[in-house]
Amino acid sequence: MHDIRAIRENPAAFDAALALRNLPPVSPEILSLDADRRSRIAAAEAAQAEQNKASKEAGAAKGRGDEAEFQRLRALVTAKKDETARLQAEATALDAKLRELLLAVPNLPLDGVPPGKDEDDNVEIRRWGEPRAFAFAPREHFEIEGVRPGMDFETAAKLSGSRFVVLKGGVARVHRALAQFMLDLHTEEHGLAETWAPVLVLSEMMEGTGQLPKFGEDSYQTREGWWLIPTSEVTLTNTVNGDLVDHASLPRRMVAHSQCFRSEAGSAGRDTSGMLRQHQFEKVEMVSITDAESGVEEHARMTRCAEAVLERLGLPYRTIVLCGGDMGFGARITHDLEVWLPGQGKYREISSVSYCGDFQARRMNARYRPAGGGKPEFVHTLNGSGLAVGRTLIAVLENGQQADGSVKLPEVLHPYLGGRTRLGADGVLA
């Protein structure tokens with residue numbers, strides 16, 4: 001959501017920022033609607049004032065016995081009352097149309113976000129770890145002998161259709177261990193508050209974080225009207241929806257492990273093999289609510305929290321900054337972490353960490369009272385995967401695979417696996 005006053009003051013800068021996203025100018029349409037709305041409001045106020053004046057004069061005419069003048073003024077009062085109601089209704093309709101338009105306009109990129117159209121124009125900013133040199137041709141996760149007994153796509157398809165998986169035995173245990181490890185790292189070392197929240201939310205919450213109204217097809221809605229969350233960003237960020245919080249309570253740093261649900265609309269034919277792109281998956285999500293001055297610094301901090309997970313697991317990765325054309329709807333700047341998948345021979349996204357400024361806060365009307373007093377300001381919000389559990393499982397399995405079909409597991413997971421260190425070629429932890 002954008003501040004209409006800022007667009008009025010500098011429409012050229014607004015359109016120039018949108019151009020970084022490869023979008024055409026929208027300020028002329030916004031300002032035209034805004035001008036029409038404001039003219040109706042002004043006209044309604046003028047008609048109301050004339051109605052009040054005529055009403056007062058009608059009373060005076062009645063008092064002095066001037067029946068003809070009284071009748072004329074009474075008719076004028078009725079006409080102005082009708083005119084006021086019509087203009088107010090028009091202003092309300094224009095206000096709704098303007099809001100609908102503003103809700104569909106993405107956030108403005110920060111200065112320094114690289115220009116570009118798509119993922120080919122993203123910019124790598126650092127890299128960690130060296131991809132392992134294999135003495136054999138590495139396989140994708142679903143091809144590894146020890147993984148096959150614990151990753152059942154056939155049964156999942158029978159139960160739910162395509163893009164689902166049933167995890168069993170040792171693979172399911174490693175998947176659970178990864179989520180527990182991530183939560184412990186973020187809560188005990190990174191200072192995030194563990195949070196558990198519903199996966200069903202109201203439409204207002206989806207609108208607050210930007211999934212609605214434009215991206216409804218990407219998510220699932222129940223018959224009762226609730227939405228299944230695509231990520232805990234929705235629930236964690238909306239904990240301050242409609243609130244006026246104390247500055248002293250910021251930053252609020254939260255983390256949640258949850259089921260996530262995405263329709264994957266428009267992804268037909270992409271990553272159909274294995275469990276890289278699923279309708280239902282688990283994620284450990286980080287969210288920060290902060291003040292207007294701390295957002296950029298908090299973004300760097302949150303990126304490091306996500307990177308630390310990969311480093312503790314010994315997984316090679318690279319960190320990139322997304323170009324304007326590849327950023328998500330609500331972001332001002334996004335860092336993507338891409339983990340090395342030897343089965344594919346390429347880096348693949350495993351986390352996106354985004355700074356949204358006050359974009360979501362305006363949609364949620366979430367504000368804070370500055371410590372030194374003064375007018376309340378909108379909070380600034382950030383979100384990031386810390387990490388996507390299923391994709392981390394894929395990376396652990398592919399990077400740890402051995403020639404005999406077993407998988408060597410990262411040392412940090414051993415305590416979560418009862419001291420077991422490997423997934424055997426038979427699919428059993430040992």
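The values are calculated or read from the model by the stated rules, or taken from the named source; none is laboratory data. Everything quoted here is computed from the prediction, not taken from an experiment. Here the Cβ is made from the backbone with ideal geometry for all residues, glycine too, and neighbour counts use every protein chain on show. Ligands, DNA and RNA are stripped out before the accessible areas are found, and what is left, the full protein with its side chains, is counted by its heavy atoms. Shrake-Rupley method; radii C 1.70, N 1.55, O 1.52, S 1.80 Å.
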Q: Kindly list the number of the only condition in (1) open to solvent by less than 50 Å² (accessible area, probe 1.4 Å); (2) part of a helix (DSSP H, G or I); (3) in contact (Cβ under 8 Å) with a residue 40 or more places away in the chain that fails for residue 149.
A: (1)
**Q.** Test: residue in the stretch 55-71 that is within 30 Å of residue 204 (Cβ to Cβ), acidic (Asp, Glu) and open to solvent by 40 Å² or more (accessible area, probe 1.4 Å)
**A.** no
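Has the stretch 224-231 got at least one residue that is under 21 Å from residue 385 (Cα atoms) and more than 15 Å from the chain's Cα centre (by Cα)? Explain how you work it out, then say what you get.
If we filter the stretch 224-231 for residues that are under 21 Å from residue 385 (Cα atoms), which is where we start, we get 227-231.
Of the ones still in play, those that are also more than 15 Å from the chain's Cα centre (by Cα) are none.
Checking the stretch 224-231: not a single residue is under 21 Å from residue 385 (Cα atoms) and more than 15 Å from the chain's Cα centre (by Cα).
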**Q.** Candidates 321, 339, 353, 284, filtered to the one that is in contact with a Phe, Trp or Tyr (Cβ under 8 Å, 6 or more places away or on another chain) and of a type in the set (Val, Ile, Thr)
**A.** 339
Q: Give the residues of the stretch 421-430 that are without any contact (Cβ under 8 Å) to a residue 60 or more places away in the chain and open to solvent by 80 Å² or more (accessible area, probe 1.4 Å), sorted by residue number.
A: 422
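Take residue 16 and decide whether it is within 30 Å of residue 2 (Cβ to Cβ), under 32 Å from the mean Cα position of the chain (by Cα) and exposed (fewer than 15 other Cβ atoms within 10 Å of the Cβ). Steps first, answer last, please.
Values: within 30 Å of residue 2 (Cβ to Cβ): yes; under 32 Å from the mean Cα position of the chain (by Cα): yes; exposed (fewer than 15 other Cβ atoms within 10 Å of the Cβ): yes.
Answer is yes for this residue.
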**Q.** Evaluation of residue 334 against (1) polar (S, T, N, Q); (2) touching an Asp or Glu at 6+ places or on another chain (Cβ under 9 Å); (3) in contact (Cβ under 8 Å) with a residue 24 or more places away in the chain (one fails), failing number
**A.** (3)
Q. Can you pull out the residues in the stretch 72-113 that are more than 21 Å from residue 12 (Cβ to Cβ), in contact (Cβ under 8 Å) with a residue 12 or more places away in the chain and either of a type in the set (S, T, N, Q) or open to solvent by 40 Å² or more (accessible area, probe 1.4 Å) (or both)?
A. 74, 76, 81, 83, 84, 88, 90, 95, 97, 100
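The rows are residues; the columns are (1) modelled with pLDDT of 95 or more; (2) hydroxyl-bearing (Ser, Thr, Tyr).
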{"residue": "219", "(1), (2)": "yes, yes"}
{"residue": "230", "(1), (2)": "yes, no"}
{"residue": "235", "(1), (2)": "yes, yes"}
{"residue": "238", "(1), (2)": "yes, no"}
{"residue": "243", "(1), (2)": "yes, no"}
{"residue": "257", "(1), (2)": "yes, no"}
{"residue": "260", "(1), (2)": "yes, no"}
{"residue": "268", "(1), (2)": "no, no"}
{"residue": "272", "(1), (2)": "no, yes"}
Q: Kindly state which helices (runs of 4 or more DSSP H) lie completely within the stretch 1-111 and contain at least 3 residues that are over 30 Å from residue 334 (Cα atoms).
A: 27-63, 67-103
Q: For the stretch 304-344, name all the residues that are part of a loop (DSSP other than H, G, I, E, B) and among the aliphatic types (A, V, I, L, M).
A: 315, 322, 327, 331
Q | Subset of the stretch 362-416 [closer than 30 Å to residue 103 by Cβ and free of Cβ contacts under 8 Å to residues at least 24 places away in the same chain] | A | 374, 375
Q. Could you give every pair whose Cβ atoms fall below 9 Å, whose first residue belongs to the stretch 8-19 and is touching a residue at least 40 places away in the same chain (Cβ under 8 Å) and under 19 Å from residue 324 (Cα atoms), and whose second residue is in a helix (DSSP H, G or I) and β-branched (Val, Ile, Thr), counting only separations of at least 6 or pairs across chains?
A. 14/7; 14/30
(Q) Restricting to the stretch 345-389, count the residues that are open to solvent by 10 Å² or more (accessible area, probe 1.4 Å), part of a helix (DSSP H, G or I) and among the small types (Gly, Ala, Ser). (A) 0
(Q) For a quick check of your reading of the model, give me the residue pairs whose first member lies in the stretch 20-47 and is open to solvent by 40 Å² or more (accessible area, probe 1.4 Å), whose second is in a loop (DSSP other than H, G, I, E, B), with beta-carbon atoms closer than 7 Å and at least 6 apart or on different chains. (A) 20/109; 20/113; 20/115; 22/117
Q: Kindly indicate whether any position in the stretch 399-422 is modelled with pLDDT of 95 or more, within 25 Å of the chain's Cα centre (by Cα) and hydroxyl-bearing (Ser, Thr, Tyr).
A: no
Q) Conditions: (1) of a type outside the set (S, T, N, Q); (2) touching a helix residue (DSSP H, G or I) at 6+ places or on another chain (Cβ under 8 Å); (3) surrounded by fewer than 24 Cβ atoms within 10 Å (Cβ to Cβ); (4) under 17 Å from residue 380 (Cβ atoms). Residue 326 meets all but one. Number of the miss? A) (4)
Q.
If I filter the stretch 300-310 down to residues being under 23 Å from residue 368 (Cβ atoms) and not charged (D, E, K, R), which single residue comes out as most open to solvent (accessible area, probe 1.4 Å)?
A. 300
